[in-house]
Structure formats: C-alpha cells, structure tokens
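The values are calculated or read from the model by the stated rules, or taken from the named source; none is laboratory data. No experiment lies behind these values; they were computed from the predicted model shown. All Cβ positions, glycine included, derive from the backbone under ideal geometry; neighbour counts span all protein chains shown. Protein only, heavy atoms only, side chains kept; ligands, DNA and RNA dropped before computing areas. Shrake-Rupley method; radii C 1.70, N 1.55, O 1.52, S 1.80 Å.
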Amino acid sequence: MKLRSLLSCVVLAASLLLQGCPLLIFGAAVGGTAMLVNERRASDVLVADEKIELTSNQRLRASGHWERMNLNVTSYNRIALLTGQVANPEVQQLAEKIVSEIPGVRGVSNELVVGPFSTFGARSSDSFTTTQVKARLVNGEGVNASHVKVVTEAGVVYLLGLVTEAESNAAAKTAAGTQGVSKVVKYFEYITDPAPVADVKK
C-alpha cells in the first residue's frame, strides 16, 4: 500500500514538473545513471520523440504564423499529436505540414481546432485533469500507467502509447471515469506481446 501511494506521488510530481516529457526517470543510480521503468520504446525512439517536439516548436515559431497558433506537439513513437487552437484552416494545415516534414516523423494526428484560444483557466483545468487521469491509472488495474501518455485539451483526453488491446480498454475506461473528462480519444499503437518493444512500425 505504501509503495502504491509513493508511486502515486511520483506520477503526480512528474505530471506537474515534466509536462510534455514522455520519459519518466526514477532516482539516481550508481555512477550517476538513471533507471527507466517499464518503458516500451527503445532509447533512440525516446530521443527522437524529444527532438521532434523541440524541432516542431522551433519551426512553428519561425513560420511567421506563431501568433495565430495556440498549440502543443506531443510525439510518441515518432507519431506527432497536435492539440490546441489556430486562427484559421490555413494555419491548421500549415502546422500539420511543418511538423510532418520534420525528419523522423512517421505521421501526424491533427486535432487542432479553428477557434478562440483557450484561456489560462481552461489550460490549468486541463493540466489538473491530466494529473487526475495519471493518478487514477496508477491506482487502477489492467494497465501500467507508465505505458500511457496522457494529453488533455478542452476536456478531451488523448491517450497515446504502445499497449495491448486489453490495456487500451482499461486505460480508456479509467480516463472516461475521471471528473472533468468530456471525451476520450485513443491514439494507441497496438502490440500483441506486452514485453518491452521498440518502434513496432517502421
């Protein structure tokens, strides 16, 4: 019970301090190294995902249309998820094009909405919802919380990860039952072997 409570605290802290980071690192290990817990992506894919997110932000900022965007780019297994708001359909398409052309990107899931930008209050609410979903995944059953990436935008929860079908269903059920969640969208890639895997699609 104490271990589960400790894990809940770790996930809650990680969601607040490492927002957007797909990598959960536990503690210092011998020689200054860290231990990755239950990560199903290979180390080079983890690095690629970080690079895709960083490069996306850099290129979008340099596009000349940054003031017309209020968006986030989340990369998991080199698939980029775009969430947030843009000023018009042209900017929506431009953002997808820019991200899709980044080396290493296997695909883009464009969930951008044309409309008014979200308020600070709305973004804070979404962050809290993400934290709640992560905590419930830790304390729930049927899926390891470290296998699921959670992104929330306007009350809609997007789930990413490399999971089995049973894990997918468990994660979606947990997310849907969380207060503040209006909809759950699954962007999982499915595996048949729950053992650690790397980049299941080339």
Checklist line | Hey, Ala176 surrounded by fewer than 17 Cβ atoms within 10 Å (Cβ to Cβ) and hydrophobic (A, V, I, L, M, F, W, C) or not | finding: yes
Next item on the list: Can you run down the residue pairs with Cβ atoms below 8 Å, 6 or more apart or on separate chains, where the first is in segment 142-154 and aliphatic (A, V, I, L, M) and the partner is in a loop (DSSP other than H, G, I, E, B)?
Entry: Ala154/Ser118; Ala154/Ser182
Next item on the list: Please tell me if Val105 is hydrophobic (A, V, I, L, M, F, W, C), open to solvent by 20 Å² or more (accessible area, probe 1.4 Å) and within 18 Å of Ala48 (Cα to Cα).
Entry: yes
Margin query: So, in segment 124-150, how many residues would count as being out of contact with any strand residue (DSSP E or B) (no Cβ under 7 Å at 6 or more places or on another chain) and farther than 15 Å from Ser182 by Cβ?
Written below: 14
Check: Of all residues in segment 165-180, how many are in contact (Cβ under 8 Å) with a residue 24 or more places away in the chain and hydrophobic (A, V, I, L, M, F, W, C)?
Finding: 4
Note to self: What's the number of the only condition in (1) within 24 Å of Gln132 (Cβ to Cβ); (2) out of contact with any Leu (no Cβ under 6 Å at 6 or more places or on another chain); (3) modelled with pLDDT of 95 or more that Leu82 fails to meet?
What the structure shows: (2)
Next item on the list: Give the residue, chosen from Ala198, Ala145, that is at pLDDT below 95, on the phi < 0 side of the Ramachandran plot, under 18 Å from the mean Cα position of the chain (by Cα) and of a type outside the set (D, E, K, R).
Entry: Ala198
